[in-house]
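Read the structure below first, then the notes.
The values are calculated or read from the model by the stated rules, or taken from the named source; none is laboratory data. No experiment lies behind these values; they were computed from the predicted model shown. Don't worry about glycine lacking a Cβ; one is built from the backbone with ideal geometry, like all the others, and counts go over all protein chains shown. Note: areas computed on protein heavy atoms with side chains; ligands, DNA, RNA excluded. Shrake-Rupley method; radii C 1.70, N 1.55, O 1.52, S 1.80 Å.
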Amino acid sequence: MPWEGIGSDDPVPHALGDGENPIRRDIAVHPPRDRTGTGSIDLVTRPARGWEGIAGLAEPGERQALDDLQALLPSDPAARGETVREAIAWLSANLGDPRLTASRCADFGPTIAGLGVPPQRLEALAMLLVDALRANPPSPPLRADEEAALRDAGRLVARWLESGAAGAAHEPTHWSAVVTQCHRRRVDLAELTLRTYLPYPCPPGMRAVVEAPRLPGRWRECWVGSLPETDRTVRLHVPLYRGDPIGAELVERTGPGDRLRLRVPVGEPADLSGDGPLLFVAHRDAVAPVVAALTALRASAPEPARRDVTVYWPTPVERDAYRLAGLAPPGTLVIRDRFPADGADAAADGRDWSGHRAFVAGTAVSTADDADRIARAGVPAARTVIAAIG
């Protein structure tokens with residue numbers, strides 16, 4: 001293979017879960033430094049370009065493969081490059097063992113199908129990726145035989161992935177994730193940072209469905225306070241409820257290095273479309289999806305832009321485990337109190353809430369109460385999204 005993998009101390013996994021990407025973590029890949037021997041030819045005919053320039057390499061029939069590639073890679077350029085480097089490093093280290101490589105790629109297939117990439121398009125996707133690698137220096141030019149080997153490897157991987165994707169209809173799609181950090185914000189609240197091998201499609205407001213490592217087959221919904229499609233990082237905020245064995249497992253006995261499984265996220269995302277006013281109402285322990293929504297708003301708008309965003313959050317200052325002021329877009333108003341009890345109180349400050357889109361997060365009891373308050377304040381139910389856990 002025309003690539004050398006220089007890795008960390010992390011071993012190559014020997015027993016990966018279904019849907020897990022068989023790639024070593026934290027691997028830097030460097031191509032050979034000397035390609036000036038006999039037979040080397042320069043196949044690079046285009047100038048250097050970023051990943052945004054891959055579209056120029058695609059023939060009309062390959063444009064769908066380009067969309068597939070964007071669906072399977074993180075949106076952050078650094079994370080995107082890391083993902084490709086890891087994949088090449090793992091393949092270069094393991095293609096000599098077809099049984100292992102075929103098995104791990106087949107395990108990976110269902111997750112790819114879950115992200116909406118049909119098996120029949122995988123070979124075109126692999127060839128497009130090879131073209132992108134060939135046309136994007138600083139890698140030295142490939143010899144003709146090296147490029148042919150890379151294309152053959154891509155076709156093999158596509159075939160193995162297609163075999164695995166064919167089984168996706170027989171079991172729920174899930175992602176494998178490694179816990180990289182565990183932060184106990186309170187005795188009854190933990191924030192777990194996970195790293196997935198494919199982007200986890202969880203827009204702000206939706207909940208992750210998580211299997212605790214030592215309770216196989218038992219699943220729990222968890223708040224997500226990040227944008228997982230950006231860099232493959234999922235931040236779970238797990239409050240511990242009474243009679244909550246899975247929550248206790250996640251909060252008290254889960255730490256770095258543990259592997260969790262995630263199913264397709266559930267719920268309805270917060271509606272952040274347009275530029276109209278937004279109202280967020282979060283119960284005490286349900287501020288994580290609001291954090292994700294505010295982060296998305298800040299990332300999508302220029303710094304000078306201001307949007308009418310109001311957050312009601314009944315948490316005393318001394319129990320504030322989050323710094324919303326640093327996350328929110330300019331002009332966001334954070335009110336540390338419950339949303340007013342009735343329409344008259346809600347309008348006491350002269351505000352008209354009827355034009356707002358609302359997002360409410362909390363427990364089943366708290367969201368029912370808050371949704372009723374919001375409706376009495378004039379926000380139509382059609383423009384209100386409810387998210388509840390516990």
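Quick notes on this structure:
- Residue in segment 223-230 that is over 14 Å from the mean Cα position of the chain (by Cα) and within 27 Å of Pro314 (Cβ to Cβ) present: no
- Total residues in segment 48-77, condition open to solvent by less than 70 Å² (accessible area, probe 1.4 Å), in a helix (DSSP H, G or I) and at pLDDT 65 or above: 6
- Segment 64-91 residues that are within 21 Å of Arg121 (Cα to Cα), paired with ones that are among the hydrophobic types (A, V, I, L, M, F, W, C) and open to solvent by 60 Å² or more (accessible area, probe 1.4 Å) (beta carbon under 7 Å, 6 or more apart): Arg80/Trp51
- Residue, most open to solvent (accessible area, probe 1.4 Å), within segment 121-130, restricted to residues that are in contact with a Lys or Arg (Cβ under 9 Å, 6 or more places away or on another chain) and farther than 27 Å from Arg261 by Cβ: Glu123
- Within segment 87-105, the set of residues being crowded, with 20+ Cβ neighbours inside 10 Å and in contact with a strand residue (DSSP E or B) (Cβ under 8 Å, 6 or more places away or on another chain) comprises Ile88, Ala89, Trp90.
- When the test is whether a residue is crowded, with 18+ Cβ neighbours inside 10 Å, assigned to a helix (DSSP H, G or I) and at pLDDT 85 or above, Val157 passes it.
- Unique residue being within 21 Å of Pro201 (Cα to Cα), open to solvent by 60 Å² or more (accessible area, probe 1.4 Å), of a type outside the set (Lys, Arg) and touching a Leu at 6+ places or on another chain (Cβ under 9 Å) when the list is Ala299, Ala293, Ala288: Ala299
- So Pro277, is it closer than 23 Å to Arg357 by Cβ and in contact with a His (Cβ under 8 Å, 6 or more places away or on another chain): yes
- Within segment 111-120, being in a helix (DSSP H, G or I) and either in contact with an Asp or Glu (Cβ under 6 Å, 6 or more places away or on another chain) or open to solvent by less than 20 Å² (accessible area, probe 1.4 Å) (or both) holds for Thr111, Ile112, Pro119.
- Number of positions in segment 181-198 that are surrounded by fewer than 23 Cβ atoms within 10 Å (Cβ to Cβ) and in a loop (DSSP other than H, G, I, E, B): 3
- Residue in segment 132-154 that is nearest to the chain's Cα centre (by Cα), counting only those that are at pLDDT 75 or above and surrounded by fewer than 18 Cβ atoms within 10 Å (Cβ to Cβ): Arg151
- Qualifying residue in segment 240-252 (condition: of a type outside the set (A, V, I, L, M) and under 28 Å from Pro77 (Cβ atoms)): no
- Qualifying position, being of a type outside the set (Ser, Thr, Tyr) and free of Cβ contacts under 8 Å to residues at least 40 places away in the same chain, among Gly205, Gly247: Gly247
- So Val281, is it more than 25 Å from Pro77 (Cα to Cα) and within 22 Å of the chain's Cα centre (by Cα): no
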